[in-house]
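The values are calculated or read from the model by the stated rules, or taken from the named source; none is laboratory data. These numbers were taken from a predicted model, which means no experiment stands behind them. Because the Cβ atoms are built from the backbone with ideal geometry, glycine has one as well, and the counts that use them run over all protein chains shown. Ligands, DNA and RNA are stripped out before the accessible areas are found, and what is left, the full protein with its side chains, is counted by its heavy atoms. Shrake-Rupley method; radii C 1.70, N 1.55, O 1.52, S 1.80 Å.
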Amino acid sequence: MGWNAGYRIFEATVIGAYDLGKLDKDMLSVLMRPYSGSDIDSGGSCDLLSKDGKGVEEIVIETWGLEVPTKPESAYDDDPDAWDDYQEKVYDLMRSVTTHFNWQ
């Protein structure tokens, strides 16, 4: 089990900066760098959403300049495979960013 509290702090900070219109790639780098080498763990997520309904992973991917996968239009129960594919793509893209900062 990793550092859940660290992820909760990161999640709230990124979403707060995004909602204020202050988050860009440079700011995101500043917010991610302190967690380098730590065992920050997304299991600490509070599933916070921005004012426009984005989760922290979507915000990070978008801010980093990567294309955010399109969410399935159906509810999870109607097409769990589509949602699982979506989550896997988001995870892979988020991991590409966190790897840049040596998150463990």
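Report, in debye and to the nearest 20, how large the dipole of the chain comes out about its Cα centre when Lys and Arg carry +1 and Asp and Glu carry -1 on their Cβ. If you can, show how the numbers build up before the last one.
Numbers: 9 positive and 21 negative charges, 153 e Å.
Charge dipole, the chain, about its Cα centre: 740 debye, nearest 20.
Under 5 Å from the amide H of TRP3 lie the amide H atoms of ASP39, ILE40, ASP41, each residue being 5 or more positions distant or on a separate chain, with H modelled from the backbone and absent for Pro and chain starts.
Of the lysine pairs in the chain, how many meet both conditions: Cα atoms under 18 Å apart, and a spacing of 8 or more in sequence or different chains?
Numbers: LYS22/LYS51; LYS22/LYS54; LYS25/LYS54; LYS51/LYS71; LYS54/LYS71; LYS54/LYS89; LYS71/LYS89.
Within the chain, the lysine pair count is 7.
In the chain, helices alone account for a calculated mean residue ellipticity at 222 nm of -16000 deg cm²/dmol, with every DSSP H run of four or more residues adding -39,500 (n - 2.57).
In a DSSP loop and with at most 11 other Cβ atoms within 10 Å, the GluC sites (Glu not before Pro) in the range 46-90 are GLU67, GLU73.
Taking the protein heavy atoms of the chain in the context of the full set of protein chains, the accessible area attributed to carbon and sulfur is 50 percent at 1.4 Å.
Rounded to 0.05, the FRET efficiency of the TRP64 and MET1 pair, given R0 = 41 Å and the Cβ-Cβ distance, is 0.95.
Note down the net charge around TYR35, summing +1 for each Lys or Arg and -1 for each Asp or Glu among other residues with Cβ under 15 Å from its Cβ.
Details: positive: ARG8, ARG33, ARG95; negative: GLU11, ASP39, ASP41, GLU57.
Summing Lys and Arg as +1 and Asp and Glu as -1 gives -1.
A 1.4 Å probe run over the chain, with the rest of the protein chains in place, finds 60 Å² accessible per residue.
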